[in-house]
Amino acid sequence: MPFDERRKLIITRVRELFAHKGLEGATSRELAQAAGVSEGLLFKHFPNKEALFLAMLESLEASLPDNIQKSLSLEPSTSTLILIVHTLVTELLSLHSEEFNDITRIYLRSLAGDGEFAHVALRKARERLIPKIEENIKAAEASGDIDESLVPYRMRAWFVDRLAFVLLVDLLPPVPAVDYRIPRGELVREAVRFLLRGIGLKEEVIRRLYTAEGAFLDA
């Protein structure tokens, strides 16, 4: 197998082990077994397990789903703000691929350790998502659709992202950590309404632009 292809395969195969044991918990022998290679071949591609872990971090750097990226490209407005929040919550609560679940587990382990992966995973949010939410909050405020708030714009933007992520974490195990006792679609809608109110959006604006079914109406 070509060198680069073997390297990519190793990175993919050790992902689950790192997800469950972390950098410190995973031994070189276990990593080689997970990758299906000898320790000698493993270290031919990566000088040590720290280098392998960093390579895996780079390969798993979380990117924004297409639907979220499309919503971020729209002109800033109250309607766009609602659409971004709805799309973010919907996407996070529906992402259940093996790769994404592994990313989430590694992220949680990172928070209990040095936080290195957490910083990498949030890079796209820091660079693109959070500034766009902040921009749309300001646009909604300029339109008179948001009540005055003492909470800074950027903090409100981060709260939207982080509270949505907490819901994702609750639903990650086979048996969810929290039983919200409502269908997933209804949970999305209630979470969106909660976040929009937290941002400061006026209740009449939410009722006018965000229906009970999660659909959007023209302003």
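Mind listing whichever residues of the stretch 51-78 are closer than 28 Å to Arg7 by Cβ and touching a Leu at 6+ places or on another chain (Cβ under 7 Å)?
If the condition is that a residue be closer than 28 Å to Arg7 by Cβ and touching a Leu at 6+ places or on another chain (Cβ under 7 Å), then Leu52, Phe53, Leu64 are the ones that fit.
Those residues that are farther than 26 Å from Arg197 by Cβ, among the aliphatic types (A, V, I, L, M) and in contact with a helix residue (DSSP H, G or I) (Cβ under 7 Å, 6 or more places away or on another chain), I need them from the stretch 30-82; list them, please.
Leu31, Ala32, Ala34, Ala35, Val37, Leu42, Leu52, Ala55, Met56, Leu57, Leu60, Ala62
Quick one: how many residues across the stretch 129-155 are touching a Gly at 6+ places or on another chain (Cβ under 7 Å) and not polar (S, T, N, Q)?
2
Tell me which residues, restricted to the stretch 70-80, are in a helix (DSSP H, G or I) and among the aliphatic types (A, V, I, L, M).
Residue satisfying the conditions is Leu72 alone.
Every number in this text was worked out from the coordinates using simple rules, so none of it is lab data. This one's a predicted model, so the numbers in the text were calculated from it and none came from an experiment. For neighbour counting, all protein chains shown are included, and Cβ atoms are generated from backbone atoms with ideal geometry for every residue, glycine included.
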